[in-house]
1. Under the rule of at least 5 residues apart or a separate chain, name every residue whose amide H is placed under 5 Å from the amide H of residue 64.
2. Taking amide hydrogens as modeled 1.01 Å from N in the peptide plane, which residues meet the under 5 Å criterion relative to residue 25, leaving out close sequence neighbours?
3. Which whole-Hz couplings ³J(HN,Hα) result when phi for each residue of segment 52-62 is put into the Karplus expression 6.51 cos²θ - 1.76 cosθ + 1.60, θ = phi - 60°, listed in order with x for Gly and Pro?
4. Please compute the length gained on full extension between residue 110 and residue 74, using 0.36 nm multiplied by the number of residues separating them and subtracting their Cα-Cα distance.
5. At a Förster radius of 22 Å, what calculated FRET efficiency corresponds to the Cβ-Cβ distance of residue 91 and residue 64, to the nearest 0.05?
6. For the residue pair residue 122 and residue 99, what label-to-label distance in nm results when each label sits 7 Å from Cα along the Cα-to-beta-carbon direction?
Amino acid sequence: MAWNSSKDSKSAKSNIQNAVSGSSNSIVQGTEIQGTIKASSDIRIDGILHGNLDCKGKVIIGPTGVVDGDIQCENAVIEGTFSGLVIVTELLHVRETAKVEGDVHTKKLIVQSGSTFNVSCKMGSQKMKSSSHAKTDAKAIEMEKLSKIS
């Protein structure tokens, strides 16, 4: 039997490229991370993240997932606990098991009955700002309000 290494290696390279392009990241239950995560593909969090997450795709915080920090992503589903600033350029879906506190900036929003949703929320198709700019803008607006009171 003849071995055609050229054909087999091309097929293997194609399969590897397909697996990588369709891949996603996962932080499993029992894992705790402190720091900043940058992901170019979807990510699911069932563990704990103390820090910031910058994702080019979809972020899913599973029922056991906890995120304490800022998230910037295209789409998000929250089933667990989130505290911080979340900036979603498309759709944020808050499921019935979710506990969300902080600031939300999103184009579209679904909040299911039963969830805890204690946030300051901005919606619409306005250009989304990075988390550092959003915090700076919020402080500037607050200072402006205080100066008008004086």
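Taken together, the values in this text are just the output of simple stated rules run on the coordinates, not laboratory data. Worth saying up front: this structure is predicted, and the values here are computed from it rather than measured. We place every Cβ from the backbone using ideal geometry, glycine too, and count neighbours over all the protein chains shown.
1. Distant-sequence amide H within range of residue 64: zero hits.
2. Sorted by chain and number, the residues that satisfy this are 42, 43, 44.
3. 10, 10, 10, 10, 7, x, 9, 10, 10, 9, x
4. 11.5 nm
5. 0.45
6. 2.8 nm
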